[in-house]
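The values are calculated or read from the model by the stated rules, or taken from the named source; none is laboratory data. Note that the structure is a prediction, hence the values are computed from the model and not measured. Every residue, glycine among them, receives a Cβ derived from its backbone with ideal geometry; neighbour counts consider all protein chains shown. Areas reflect the complete protein model, heavy atoms only, side chains present, ligands, DNA and RNA absent. Shrake-Rupley method; radii C 1.70, N 1.55, O 1.52, S 1.80 Å.
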Amino acid sequence: MKAYRASLLWFAPHHEGPPQALYEEDGLLLVGPNAAGLQVVQAIGSWRELYAQCAQVPVEHLPGRIIAPGFVDLHVHFPQTNIIGSPASGLLPWLENYTFPEEKRFASMDYAAEAAGFFVDELLRNGVTTTLAFASSHSTSVNALFAEAQKRSLRLITGLCLMDRNAPADLLNQPGSQVDATLQSLLDSEALIQQWHGKGRLGYAITPRFAPTSTDAQLRGAGELAERYPDVWIQSHVAENLHEIAWARELFPASRSYLSTYDDFGLMRERAVYAHCIHFDDADRALMRESGASAAISPTSNLFLGSGFFDYEGADRIGFGYGLASDVGGGTSFSPFHTMLAAYNVGREGQTKAGLSLSPQHLWWQHTAGAGRVLGVKGTDGQPLVGNLLPGCEADFVVLNPKATPLLARKTALASNLDELLFSMIVLGDDRLIERTVISQA
Ligand code: GUN
Ligand code: ZN
């Protein structure tokens with residue numbers, strides 16, 4: 001057991017209505033092992049009410065610091081770290097000119113292993129403790145990233161990027177000695193599920209890159225795999241860019257919409273997370289809600305690539321799940337603060353339509369408890385285990401120093417309520433605000 005005395009930020013259990021942040025100026029967080037030996041939150045609340053429980057427990061006092069849940073990044077590309085900040089006229093030229101040439105390099109185990117070390121360092125430096133990540137179309141990259149995450153005890157979900165057409169030949173999934181590339185990619189995915197899924201804090205995601213780079217046979221196979229492994233995740237991209245949508249409609253004309261293509265192949269359900277979800281109609285939104293699939297909103301990427309603005313009003317009116325994501329390397333930052341600020345700016349677009357804007361509590365929730373809910377890592381009582389610091393949650397958290405820069409110190413000192421404090425950190429924060437990232441250890 002160990003206790004921390006600091007200011008504490010966490011979220012009330014989910015219920016109808018807007019998410020509610022909880023804040024304790026002089027708080028106590030008690031962590032200790034659960035039945036499986038993993039460090040989890042044992043108690044959280046005010047120091048005055050809880051300190052008696054900690055008589056025999058070492059207490060680390062962190063005056064002036066705020067402990068908050070580790071951030072959850074719902075969509076990030078591990079092999080795109082090097083191409084962050086590569087300008088293009090839009091998604092498809094960006095993929096062709098920067099993304100595909102870089103991802104080819106991940107066929108090399110040495111290249112992938114070095115990049116995995118850097119990638120995980122960067123996540124942790126930025127306070128990200130849970131990720132749903134894309135690897136490349138080579139098993140080497142999946143193995144490299146899982147191995148690195150396992151070494152650090154990081155909660156990480158990833159999978160082999162499925163692509164059997166419309167990409168450079170050496171980036172397409174490779175055929176086996178007896179079988180074609182499509183079948184081999186599905187066999188490789190299944191072997192990786194068996195090797196990694198559920199091992200410690202790791203999970204597997206069936207990962208068709210996006211419909212245009214898969215044949216019908218590959219999407220069908222991915223759907224069949226999903227049916228056989230109902231607790232693995234599914235991740236892909238959808239409705240990000242108008243040229244991409246036109247292409248997907250041409251390739252899959254029988255489907256009602258681009259999104260429906262995934263449904264037609266059995267790829268929509270709980271634990272299916274689709275990046276972007278910008279250019280939707282209400283039938284798409286209803287399909288998201290009814291299937292239990294969720295959106296990974298990636299506002300820095302959407303602004304950088306000129307893709308469009310996620311429609312928060314539409315999502316809330318119909319009612320499907322979503323959370324925030326960096327989408328590095330289309331996204332421009334690993335920092336959850338940069339992503340939350342970009343989401344605020346994107347939310348202004350909907351404000352003009354519906355009179356709503358995103359509150360700082362809501363933005364923070366989208367990158368922590370809200371994103372954790374989307375991932376569906378749950379305890380036996382059905383409550384999410386990541387993205388929050390309620391008792392029972394895995395003890396992944398950040399220690400924030402609100403005086404990390406002169407301007408942060410000046411601005412946060414002026415905050416007269418929780419919203420002002422959170423907003424100051426969202427607008428001015430970056431990796432300097434993260435003094436420490438603590439990962440739950442087994
Ligand atoms: N659509 C298909 N692949 C990608 C990718 O790597 N990044 C983004 N942003 N969109 C995609
Ligand atoms: Zn992406």
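For ASN97 and ALA169, FRET efficiency with R0 = 22 Å and r from the beta-carbon atoms, rounded to 0.05?
That pair, ALA169 with ASN97, gives E of 0.85.
Among the GluC sites (Glu not before Pro) in the stretch 1-106, those located in a DSSP loop and surrounded by at most 11 other Cβ atoms within 10 Å of their own Cβ are GLU16. Can you figure out the FRET efficiency of ASP26 with ARG289, using R₀ = 35 Å and their beta-carbon distance, to the nearest 0.05? Rounded to the nearest 0.05, the efficiency is 0.30. Judged by the gyration tensor of its Cα atoms, with axes a ≥ b ≥ c, the stretch 166-242 is oblate; a/c meets the 1.5 cut and b/c is at least as large as a/b.
Backbone phi angles across the stretch 78-87, fed through the Karplus curve with coefficients 6.51, -1.76 and 1.60 (θ = phi - 60°), yield HN-Hα couplings of 4, x, 10, 4, 6, 9, 4, x, 9, x Hz in residue order; Gly and Pro are listed as x. Annotation for GLU16 and ARG432: the two label points, set 7 Å from Cα along the Cα-Cβ direction, are 4.5 nm apart. Here the Karplus relation 6.51 cos²θ - 1.76 cosθ + 1.60, evaluated at θ = phi - 60°, turns the backbone of the stretch 200-214 into coupling constants of x, 9, 9, x, 9, 10, 5, 10, x, 4, 6, 3, x, 9, 10 Hz, with x for every Gly and Pro. Summarising the label geometry, the points placed 7 Å from Cα in the beta-carbon direction at MET1 and ASP419 lie 3.9 nm from one another.
Tell me the per residue accessible area of the chain using a 1.4 Å probe; a whole number in Å² is fine.
Normalised by residue count, the accessible surface of the chain is 38 Å².
State the antiparallel share, in %, of DSSP beta bridges confined to the stretch 1-100, rounding to the nearest 5. That works out to approximately 75 percent antiparallel. Dividing the summed helix terms, -39500 (n - 2.57) for each DSSP H run of n ≥ 4, by the number of residues in the chain produces a 222 nm estimate of -11000 deg cm²/dmol to the nearest 500. Considering every Cα-Cα pair within the stretch 180-333, what fraction, in whole percent, is farther apart than 21 Å? Tail of the P(r) past 21 Å holds 45 percent of the pairs. For LYS403, a cut-off of 22 angstrom between C-alpha atoms picks up these lysines, skipping any fewer than 8 places away in its own chain: LYS411.
Seen from TRP47, the other residues with C-beta closer than 14 Å to its C-beta sum to a net charge of -2, counting Lys and Arg as +1 and Asp and Glu as -1. Per residue, the convex hull around the alpha carbon atoms of the stretch 273-432 comes to 129 Å³.
What a 1.4 Å probe finds exposed on the chain is 52% carbon and sulfur by accessible area, rounded to a whole percent. Rg then Dmax, both in Å and based on the Cα atoms of the stretch 1-155: 20.4, 61.
Cross-link reach is defined here as a Cα-Cα straight distance under 16 Å, omitting same-chain residues fewer than 8 places apart; for LYS151 the lysines meeting it are LYS199. Between the stretch 369-412 and the stretch 188-226, what is the C-alpha centre distance in whole Å? Their Cα centres are 28 Å away from one another. Under 5 Å between amide hydrogens, built in the peptide plane, is the criterion, and for ILE67 it picks out SER7, LEU8, LEU9, LEU400 among residues at least 5 positions away or on other chains. The slack in the chain from SER108 to VAL57, taken as 0.36 nm per residue of separation less the alpha-carbon distance, amounts to 13.6 nm.
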